[in-house]
Amino acid sequence: MVDVLIIGSGGAGMVAALSAKEAGVSVAVVSKTYPTRSQTCMAQGGINAAIGEDDSVESHIADTLKSSQGLGDEEAIGKLCRDGIDAVAWLDRIGVPFSRSAESTIAQRRLGGANADRACYAQDYTGLKILHSLYDSCLKAEIEFHNEYFLMELIVDESSEARRVCGAVFKELKSGELKSFYAKSVIMATGGYSRVYDHYSTNATGSTGDGLAVALRAGAVVSDMEFVQFHPTGLKNASILISESARGAGGHLLNAHGERFTDELQPRDALSRAIDVEIQKSGAVFLDIRHLGENFIDHELPQERKLAKLYENVDPVTDVIPIKPVAHYTMGGIAVDETAESTLDGLFAVGECANHNVHGANRLGGNSLLELIVFGKEAGNAAAKAANELKTVDENSKIEAEVEQQLQAIKSYTNEVDFYKKRTELGELFYNYAGIQRSEKGLATALEQVHGMQHELPKMGALDTAKVYNTNLIEFMEFSNMLTLAEVMLAAMLERRESRGAHARSDFSERDDGMYKGHSAVLLHNHRVEVGFSKVKGA
């Protein structure tokens, strides 16, 4: 048993681990992949902090509130923006190699929706550099990592009056065995769920929302699941992210006739819709950074040049880059309070899998990396404090036997239906009916088909019967988790009969503050999805 168990080894998980370890408790980090392969590395554009002479914390707060479209918690956003200055200073101290200005200060660029050059960056590798620096710090702190463990279920102490999370059961890929980790506090840091959109997503294949699905099954509430941010500039064929830094540096968006048609630094929700409309109108949209020059591109945007050449066979020094909007970031997640604790005692959540109510209906570019630092520290401290207040936990849960029964049941599935094909169908379904534009008819169609896929699960299953490194089995269980989240997302999208931020409905095109200025709240009750709304704090 450890004091604090952290599930997920990306940026949020590692910040929480460092914070908890500094608080003097024992920590273990368990993840289905390796720390340096987490989605944090895809946050290329920068991390916001109001450290510039022409900027202020008040301006950062105002930009974030505006981007949230009325669903941001002003108190939480205030903490995010105020603590941002110390967060970047801390990253600088632990060795993040930020790009520098001529005066040797941390370089900053303007991202969409910002009124100042606020995003601190390391070329166009900001998330990657932060991730590696955090991992180095964790190794120095001798934090215990357990890699290649797939999360199966949370362990919940049913004997206590308030059901308390006291660990989790995992399937180790290397051995194929189940392993239980008991802890006084658990922090979920498993990332987002935009891989529901399959190849219409910038995210890695592992962003399947496992943590949210497991938390739902344990009885936790999730909120704002209808809000999925589409990044305006994914590569047309590969959906690989071309960072907002390219537009922040002065890149232009051109239609099929070579004409600029919109403001490139609008908030992401508005810009994605403008691009989507233009693609339907003229047939194509391109990102043009040729005018920035080869020297600038190679110094400030080297990754973008490499990605364009590798995946689209175009050189942005001489060619325009074909792009399309693709699913990028999930604003919804496990509902948490100001200490990052969920509706289940002992379960905390941080990063993209959590909803701290700082993004609302549309995340401001540059705030995702900031969130994982600010609230990662908060989660680590709060979980450590909760662990210190608890003497011990019951390590005799029956959940491992129940999980073993689930695995045996999967082995009996008939494999009549190829779940990989269904996974592709799910992505197409979501991009077409639950994407940039939505309607009740399309969402209802998608929900009916998701229910059909859920019903067909016993006809799918894994063909590989190997015990060790059975990635086929893991991918099937990921798909099952995605179907759970797909139903939850569609239910929330159907209930929110308005357009707000990233949620745009053609049949309810106006924002409705009277009815829907609130957070959707979803839980599973007797395997049924229940959706309600709660008021925005302070509203």
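Just one of ILE436, ILE410 is in contact with a Gly (Cβ under 7 Å, 6 or more places away or on another chain) and touching a residue at least 40 places away in the same chain (Cβ under 8 Å); which is it?
ILE410
Inspect segment 296-304 for any residue being in contact (Cβ under 8 Å) with a residue 60 or more places away in the chain and among the hydrophobic types (A, V, I, L, M, F, W, C) and give the result as yes or no.
Yes; the residues of segment 296-304 include at least one that is in contact (Cβ under 8 Å) with a residue 60 or more places away in the chain and among the hydrophobic types (A, V, I, L, M, F, W, C).
Could you give every pair whose Cβ atoms fall below 7 Å, whose first residue belongs to segment 440-453 and is in the same structural domain as ARG496 (by TED's automatic domain parsing), and whose second residue is not in a helix (DSSP H, G or I), counting only separations of at least 6 or pairs across chains?
GLU440/ASP507; LEU443/ALA434; ALA446/ALA434
Can you pull out every residue in segment 388-434 that is touching a strand residue (DSSP E or B) at 6+ places or on another chain (Cβ under 7 Å), assigned to a loop (DSSP other than H, G, I, E, B) and not acidic (Asp, Glu)?
Across segment 388-434, the qualifying residues are LEU390, VAL393, SER397.
Which condition number does ASP124 fail, the rest of (1) surrounded by fewer than 22 Cβ atoms within 10 Å (Cβ to Cβ); (2) within 21 Å of the chain's Cα centre (by Cα) being met?
For ASP124, the failing item is (1).
State whether one or more residues within segment 81-95 are among the aliphatic types (A, V, I, L, M), in a helix (DSSP H, G or I) and within 20 Å of ASP224 (Cβ to Cβ).
no
Name the residues in segment 505-531 that are touching a strand residue (DSSP E or B) at 6+ places or on another chain (Cβ under 9 Å) and either within 13 Å of ALA491 (Cβ to Cβ) or assigned to a strand (DSSP E or B) (or both), would you?
Answer for segment 505-531, where residues must be touching a strand residue (DSSP E or B) at 6+ places or on another chain (Cβ under 9 Å) and either within 13 Å of ALA491 (Cβ to Cβ) or assigned to a strand (DSSP E or B) (or both): ARG505, GLY518, HIS519, SER520, ALA521, VAL522, LEU523, LEU524, VAL529, GLU530, VAL531.
Only one residue in GLY376, GLY365 is modelled with pLDDT of 95 or more and in contact with a Leu (Cβ under 9 Å, 6 or more places away or on another chain). Which one?
Answer to the selection: GLY376.
Checking the condition outside any helix (DSSP H, G or I), exposed (fewer than 14 other Cβ atoms within 10 Å of the Cβ) and either modelled with pLDDT of 95 or more or more than 22 Å from the chain's Cα centre (by Cα) (or both), which residue from ALA466, ALA462 passes?
Answer to the selection: ALA466.
Could you please let me know if LYS385 is surrounded by fewer than 24 Cβ atoms within 10 Å (Cβ to Cβ) and part of a loop (DSSP other than H, G, I, E, B)?
no
Within segment 246-350, which helices (runs of 4 or more DSSP H) (wholly inside it) include 3 or more residues that are surrounded by fewer than 24 Cβ atoms within 10 Å (Cβ to Cβ) and touching a strand residue (DSSP E or B) at 6+ places or on another chain (Cβ under 9 Å)?
The qualifying helices (runs of 4 or more DSSP H) are 268-282, 302-312.
Please enumerate the residues belonging to segment 157-197 that are at pLDDT 95 or above and part of a loop (DSSP other than H, G, I, E, B).
Selection gives LEU173, LYS174, SER175, GLY176, GLU177, ALA189, THR190, GLY191, GLY192, TYR193.
Could you list, in sequence order, the residues of segment 285-295 that are within 31 Å of the chain's Cα centre (by Cα) and free of Cβ contacts under 8 Å to residues at least 40 places away in the same chain?
VAL285, PHE286, ASP288
Please go through segment 233-266 and give me each residue that is of a type in the set (Ser, Thr, Tyr) and within 21 Å of LYS281 (Cα to Cα), ordered by number.
Selection gives THR233, SER239, THR262.
Tell me, which residue of segment 469-500 that is aromatic (Phe, Trp, Tyr) and under 18 Å from THR424 (Cβ atoms) is surrounded by the most Cβ atoms within 10 Å (Cβ to Cβ)?
Applying the filter and picking the extreme gives PHE476.
The values are calculated or read from the model by the stated rules, or taken from the named source; none is laboratory data. All of these numbers come straight from a predicted model, not from anything done at the bench. In this analysis, Cβ positions are derived from the backbone assuming ideal geometry, glycine residues included, and neighbour counts consider all displayed protein chains.
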